[in-house]
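Trainee: One structure is given below, represented as structure tokens, and several questions about it will come after.
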Amino acid sequence: MTTPSRRRLMRDFKKLQEDPPAGVSGAPTEDNILAWEAIIFGPQETPFEDGTFKLSLEFTEEYPNKPPTVKFISKMFHPNVYADGSICLDILQNRWSPTYDVAAILTSIQSLLDEPNPNSPANSLAAQLYQENRREYEKRVQQIVEQSWLNIGENEGDVELKDDGGDSIDEKAVITSTSENADAENNEGGASASNV
Amino acid sequence: MTDAENEIELQDQQFKQIENEQKMFPLVADRLPFDLVILDYDAETSPDYYNKAKELANTYGEIRQIRGDGNCFYRAVFVGILEVCMKNEEKAKQFLETCLGWNDRLLKLGFPDWTTNDFCEVFTDWFKKVVNKETTSEKIFDDLNDDSQSNYLIIFMRLITSGYLKEHSEDYAPFIDDGRSLADYCSTEIEAMWKDADHLGISGLVLATGYNIRIEYMDRTAAPNGGWHYDIPADCNETPEISLLYRPGHYDIIYHK
């Protein structure tokens, strides 16, 4: 049965494919429309540039009444990201609105990368370095940017690290593999949605 | 974990517990005899409430309880409107027109187009089946008691409430007392699920839907007309078709004898 949340997630996915915001992508995982993987590219001209950060989004049947649980899978060094990858971002907590969709969530997280809020630190070292020692902060960020390329490869069973920041190749592989599966489900969702 | 994290964790657990307790109660219960309300109060220990309940029982024969999840006002009014529309095809068509019109009105106000269209479409598609009698009363109440279905429809009610307040921002902005903008207030108090409706929410929903309501107050305040009720809007000429019972923090639907 297509519930409104599943139907809405299929539409979120369709929109992400048809009208993709710059620097983010996401897709449901193979057999579960409620579990998504996404990738956020580090915004250009910021210390996060060239990073390809992987995230997981877990939705419930209460989406979009309730926000998904969003976590970085890639290692992150950021004032508002906890050690387990959870993100401290108002729109994912008390300022959530049902009018946000997946694209809005991902682009908000992308802008959070270079616009941290040091007043609600989730990683106190990152918050401290961000305010007091920007050089060291950027060095740490550079480390996780490099690790992000490695993680993408590992997750695809390809441990070989591309030497030229070849993140785009592996990255595409992740997206293509997930979107094919989601397409199949998409048709299913579309068929039942028309019965509503 | 730090103290702050512990505290958040504890809070989350408490919210979860409250939520689970709420979910034991149906979103929209069946119509039951109003006398049940009298049974809630003891003549000895809370005579004020007991007497008010007795008095209301002269006018009202039934009550339909609504789950107390912060959406009760929106849900109660929505169910009240549906019941009117299920009995009166002309009014059903009229309400469908109002709802269809809200799609453009919301977009004009700058609501994000894609998600707004989705909420409007889901709502109007669902409501069209009520208008065209392509559904049964049983199915309607099944949907209303399915958390996911029901709440999707409630968001539409919240969006048009917010829309109405924004269309009349000059009238409503002065009532927001903590220095917030109307847009900010609407996004955190009206559009956000599970937030109780205050007087702005009440007025916004009534005017956005075009359905006047009467609220009977079971708290200790006496209404200006000598009885216990307020009609909204205050200057409406006819007795509203929808009556709600307010008990501190909560609304249910009540039905005239």
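Trainee: What's the number of the only condition in (1) within 14 Å of another protein chain (Cβ to nearest Cβ); (2) surrounded by fewer than 21 Cβ atoms within 10 Å (Cβ to Cβ); (3) part of a helix (DSSP H, G or I) that B:TYR172 fails to meet?
Mentor: (1)
Trainee: Is there a residue being more than 10 Å from chain A (Cβ to nearest Cβ), assigned to a loop (DSSP other than H, G, I, E, B) and of a type in the set (Asp, Glu) anywhere in region B:69-89? Spell out how you get there, then give the answer.
Mentor: The initial filter retains those residues of region B:69-89 that are more than 10 Å from chain A (Cβ to nearest Cβ), namely B:69-70, B:72-89.
Filter again for assigned to a loop (DSSP other than H, G, I, E, B), leaving B:69-70, B:88.
Among the residues that remain, those that are also of a type in the set (Asp, Glu) are: B:69.
Yes, some residue in region B:69-89 is more than 10 Å from chain A (Cβ to nearest Cβ), assigned to a loop (DSSP other than H, G, I, E, B) and of a type in the set (Asp, Glu).
Trainee: Please enumerate the residues belonging to region B:175-188 that are within 14 Å of chain A (Cβ to nearest Cβ), surrounded by fewer than 19 Cβ atoms within 10 Å (Cβ to Cβ) and not in a loop (DSSP other than H, G, I, E, B).
Mentor: B:ALA183, B:ASP184, B:SER187, B:THR188
Trainee: Considering only region B:193-206, how many residues are surrounded by fewer than 19 Cβ atoms within 10 Å (Cβ to Cβ) and within 14 Å of chain A (Cβ to nearest Cβ)? Show your work before the answer.
Mentor: Going residue by residue through region B:193-206, those that are surrounded by fewer than 19 Cβ atoms within 10 Å (Cβ to Cβ) are B:194-196, B:198-199.
Next cut, within 14 Å of chain A (Cβ to nearest Cβ) only: B:194-195.
Total meeting the criteria: 2.
Trainee: I would also like to ask the following. Return yes when A:PRO98 is in contact with a Leu (Cβ under 6 Å, 6 or more places away or on another chain) and closer than 24 Å to A:ALA27 by Cβ and no when it is not. Let's see the steps before the verdict.
Mentor: Working: in contact with a Leu (Cβ under 6 Å, 6 or more places away or on another chain): no; closer than 24 Å to A:ALA27 by Cβ: yes.
The answer is no for A:PRO98.
Trainee: Please identify the pairs in which a residue from region B:167-186 that is without any contact (Cβ under 8 Å) to a residue 60 or more places away in the chain and small (Gly, Ala, Ser) has its Cβ atom under 6 Å from the Cβ atom of a residue that is surrounded by 14 or more Cβ atoms within 10 Å (Cβ to Cβ) and not in a loop (DSSP other than H, G, I, E, B), counting only partners at least 6 apart or on another chain.
Mentor: Pairs that qualify, where the first residue is without any contact (Cβ under 8 Å) to a residue 60 or more places away in the chain and small (Gly, Ala, Ser) and the partner is surrounded by 14 or more Cβ atoms within 10 Å (Cβ to Cβ) and not in a loop (DSSP other than H, G, I, E, B), are B:SER169/B:LEU182; B:ALA173/B:LEU182.
Trainee: Now a separate question. Out of the residues in region A:65-77 that are within 12 Å of chain B (Cβ to nearest Cβ) and crowded, with 18+ Cβ neighbours inside 10 Å, which is modelled with the lowest pLDDT?
Mentor: Initial filter on region A:65-77 (within 12 Å of chain B (Cβ to nearest Cβ)): A:65-67, A:69.
Narrowing the set further to residues that are crowded, with 18+ Cβ neighbours inside 10 Å leaves A:65, A:67.
Working: A:ASN65: 91, A:PRO67: 95.
Taking the candidates together, the pick is A:ASN65.
Trainee: Another question about this same structure. Determine which member of the set A:ASP31, A:ASP12 is crowded, with 21+ Cβ neighbours inside 10 Å and not hydrophobic (A, V, I, L, M, F, W, C). First the steps, then the outcome.
Mentor: Working: A:ASP31 fails: crowded, with 21+ Cβ neighbours inside 10 Å.
When all the criteria are applied, what remains is A:ASP12.
Trainee: Being part of a loop (DSSP other than H, G, I, E, B), within 14 Å of another protein chain (Cβ to nearest Cβ) and free of Cβ contacts under 8 Å to residues at least 60 places away in the same chain is the filter here, so list the residues in region A:21-64 that pass it. Break it down into steps so the answer makes sense when it comes.
Mentor: Step one: of region A:21-64, the residues part of a loop (DSSP other than H, G, I, E, B) are A:21-23, A:30-31, A:42-51, A:59-64.
Add one more test, that the residue is within 14 Å of another protein chain (Cβ to nearest Cβ), and what stays is A:21, A:59-64.
Across region A:21-64, the qualifying residues are A:PHE59, A:THR60, A:GLU61, A:GLU62, A:TYR63, A:PRO64.
Trainee: Would you check which residues across region A:35-49 are touching a strand residue (DSSP E or B) at 6+ places or on another chain (Cβ under 8 Å) and either under 16 Å from A:ASP101 (Cβ atoms) or crowded, with 17+ Cβ neighbours inside 10 Å (or both) and list them? I'd like the intermediate steps shown before the answer.
Mentor: The initial filter retains those residues of region A:35-49 that are touching a strand residue (DSSP E or B) at 6+ places or on another chain (Cβ under 8 Å), namely A:35-42.
Answer for region A:35-49, where residues must be touching a strand residue (DSSP E or B) at 6+ places or on another chain (Cβ under 8 Å) and either under 16 Å from A:ASP101 (Cβ atoms) or crowded, with 17+ Cβ neighbours inside 10 Å (or both): A:TRP36, A:GLU37, A:ALA38, A:ILE39, A:ILE40, A:PHE41, A:GLY42.
Trainee: Of the residues in region A:94-142, how many are among the polar types (S, T, N, Q), modelled with pLDDT under 95, within 24 Å of B:ASN117 (Cα to Cα) and in contact with a Pro (Cβ under 8 Å, 6 or more places away or on another chain)?
Mentor: 1
Trainee: Further question: Can you report the number of residues in region A:104-130 which are closer than 29 Å to A:PRO20 by Cα, surrounded by fewer than 19 Cβ atoms within 10 Å (Cβ to Cβ) and within 14 Å of chain B (Cβ to nearest Cβ)?
Mentor: Here is the first cut: in region A:104-130, the residues closer than 29 Å to A:PRO20 by Cα are A:104-117.
If we keep only those that are surrounded by fewer than 19 Cβ atoms within 10 Å (Cβ to Cβ) as well, we get A:104, A:107-108, A:111, A:114-115, A:117.
Add one more test, that the residue is within 14 Å of chain B (Cβ to nearest Cβ), and what stays is A:104, A:107-108.
Going through region A:104-130 one residue at a time, the tally reaches 3.
Trainee: B:ASP30 is checked against (1) surrounded by fewer than 17 Cβ atoms within 10 Å (Cβ to Cβ); (2) part of a helix (DSSP H, G or I) and fails just one. What number does that condition carry?
Mentor: Going through (1) surrounded by fewer than 17 Cβ atoms within 10 Å (Cβ to Cβ); (2) part of a helix (DSSP H, G or I) one by one, B:ASP30 breaks only (2).
Trainee: Additional query: Which ones in region B:122-157 are of a type outside the set (Lys, Arg), free of Cβ contacts under 8 Å to residues at least 12 places away in the same chain and more than 9 Å from chain A (Cβ to nearest Cβ)?
Mentor: Residues satisfying the conditions are B:ASN132, B:GLU134, B:THR135, B:THR136, B:GLU138, B:ASP142.
Trainee: Same structure again: Within region B:95-121, track down each residue that is small (Gly, Ala, Ser) and either away from every other protein chain (no Cβ under 13 Å) or within 18 Å of B:VAL79 (Cβ to Cβ) (or both). Let's see the steps before the verdict.
Mentor: Of the residues in region B:95-121, the ones small (Gly, Ala, Ser) are B:101, B:110.
Across region B:95-121, the qualifying residue is only B:GLY101.
The values are calculated or read from the model by the stated rules, or taken from the named source; none is laboratory data. All values derive from a computational prediction rather than experimental measurement. Quick reminder, even Gly has a Cβ in these numbers, built from the backbone with ideal geometry, and neighbours come from all protein chains shown.
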